[in-house]
Amino acid sequence: MTDRHLRILFTSAGRRVELTRCFRRAAESLGMRAQVHACDFVPELSAACMDADTAFAVPRCTDPTYVDHLLGYCAREGIDLLVPTIDTELEALAGAQALFAELGTRVHISDPETVAVVRDKQRTIEVLAAAGVPVPRTAPIEEVRAAPHEWRWPAFVKPVGGSASRGIGVLEGPQDIAATYPEPMLVQELLRGPEYTVNMYLDAEGRMLSAIPHRRLSVRGGEVEKGVTTRDARFTAIAEGVAAALPGARGVLCFQLIDDPQRGPCVFEINARFGGGYPLADHAGGRYAESLLASWAGLPECATQDWREDVTMVRYDAAVFRG
């Protein structure tokens, strides 16, 4: 245990107030005090930035100066841990881990090779399938356009590098395939059945310490709005397969699957970061944030399979005021 201050920076903080509070509670349980820093493109319009101890503006994460801004801030403020929250910043941060480490800042992120795989949904499917993880049939939209008779319709369409449900849709038939798209697109077989997110924690050696599935009862903007934790041995086995397929994965990841009545559970998405529904896993007793902080402090990682089933989360809109 230690009574030191731990400076944590949450990037692209947006509405992730509950995530930052999970870390505050985790720090307290370890005898630390978390000082929460947050940044966003317009921090005065970010609830998490307004709720943080200190906040600042950064360019968009696609800006080539984004990482330099973060490096400068971490150097000035002595940031101990940086926690990314959106997919589109992961590749740049993964590639700069060594630069942050020179400043004494640990970035919570998997290896660049793993991030590159999960940011490309075609490669994700290929890597998982090669490891024996059940996945839906997937192909570039150009291949489907060339041989539509080989597919069962309707089918699902989504961007190769999409995030937060951007650009997704259902194609009722080949006639719905557009002549052109603004970005590379994939077609997947349309799975039916209940949808789940599985939050998982991998230790510093890549071993899976915990996997906590929750059924997504309601989703808004790509994030779970209502969910309930569920134990299912099939999902735990799939999580082990995902970990084995991504040997460079570390810390917290989450993946989505649909339990199709004919195909069984199939994984269709991986996020190499804290997912929007992580607070449910935290409340159920997974201790992922605490495990990450313990690892930073040189203590044993404590993410656990001793979590509670049938824990329900129902989100609502709250307000943060200033001025």
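Taken together, the values in this text are just the output of simple stated rules run on the coordinates, not laboratory data. These figures come from a predicted structure and were not determined experimentally. Positions of Cβ are backbone-derived with ideal geometry, glycine not excepted, and every protein chain shown enters the neighbour counts.
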For the stretch 74-91, 3J(HN,Hα) per residue [Karplus equation, 6.51 cos²θ - 1.76 cosθ + 1.60, θ = phi - 60°, Hz, x = Gly/Pro]: 4, 5, 5, 9, x, 5, 8, 9, 10, 10, x, 10, 10, 5, 5, 9, 5, 4
Signed unit charges on C-beta, dipole axis of the stretch 165-323, positive-most listed residue Gly277, Phe255, Phe235: Gly277
Nearest 500 deg cm²/dmol is fine: what mean residue ellipticity at 222 nm does the chain get from its DSSP H runs of n ≥ 4 alone, each adding -39,500 (n - 2.57), divided by its residue count? -8000 deg cm²/dmol
Pair Arg308, Gln175: separation of 7 Å Cα→Cβ label points (nm): 5.3 nm
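Using a ≥ b ≥ c from the Cα gyration tensor of the stretch 5-108 (square roots of the eigenvalues), is it rounded, prolate or oblate, where a/c under 1.5 gives rounded and otherwise the larger of a/b and b/c decides, a/b for prolate?
oblate
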Comparing Gly132, Gly251, Gly206, which has the greatest mean-square fluctuation in the GNM of the chain with Cα pairs linked when under 10 Å apart? Gly132
Principal axis dimensions, the stretch 137-189 - Cα atoms, whole angstrom, descending: 30, 18, 17
The answer for chymotrypsin sites (Phe, Trp or Tyr not before Pro) in the stretch 224-323 that fall in a DSSP coil and have at most 16 neighbouring Cβ atoms within 10 Å is Tyr316, Phe321
Taking the Cα centre as origin and putting +1 on Lys and Arg beta-carbons and -1 on Asp and Glu beta-carbons, what dipole magnitude results for the chain, to the nearest 20 debye? 520 debye
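Taking a ≥ b ≥ c as the square roots of the Cα gyration tensor eigenvalues, with a/c under 1.5 meaning rounded and otherwise prolate when a/b beats b/c, else oblate, which class fits the stretch 213-268?
Oblate shape, in that a/c is at least 1.5 and b/c is the bigger or equal ratio.
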Is the shape of the stretch 258-323 best called rounded, prolate or oblate, per the rule: a/c under 1.5 gives rounded, else a/b larger than b/c gives prolate, else oblate, with a ≥ b ≥ c the square roots of the Cα gyration tensor eigenvalues? oblate
Given Cα pairs under 8 Å that are at least 6 residues apart, what percent is the relative contact order of the chain? 16 percent
Neighbour-count ranking for Tyr73, Tyr181, Tyr278 (other C-beta within 10 angstrom, fewest to most) reads Tyr181, Tyr73, Tyr278
Loop only by DSSP, 14 or fewer other Cβ within 10 Å of the Cβ. Give me the trypsin sites (Lys or Arg not before Pro) in the stretch 1-107 that pass, ordered by residue number. Arg4, Arg60
With the cut-off at 23 Å, report for the stretch 183-323 the share of all Cα pairs above it, as a whole percent. 36 percent
Could you tell me, in Å, what Rg and Dmax come out for the Cα atoms of the stretch 170-252? 16.7, 48
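Work out which GluC sites (Glu not before Pro) in the chain are exposed loop sites (DSSP not H, G, I, E or B, at most 15 other Cβ within 10 Å) and give the longest gap free of them.
1-171
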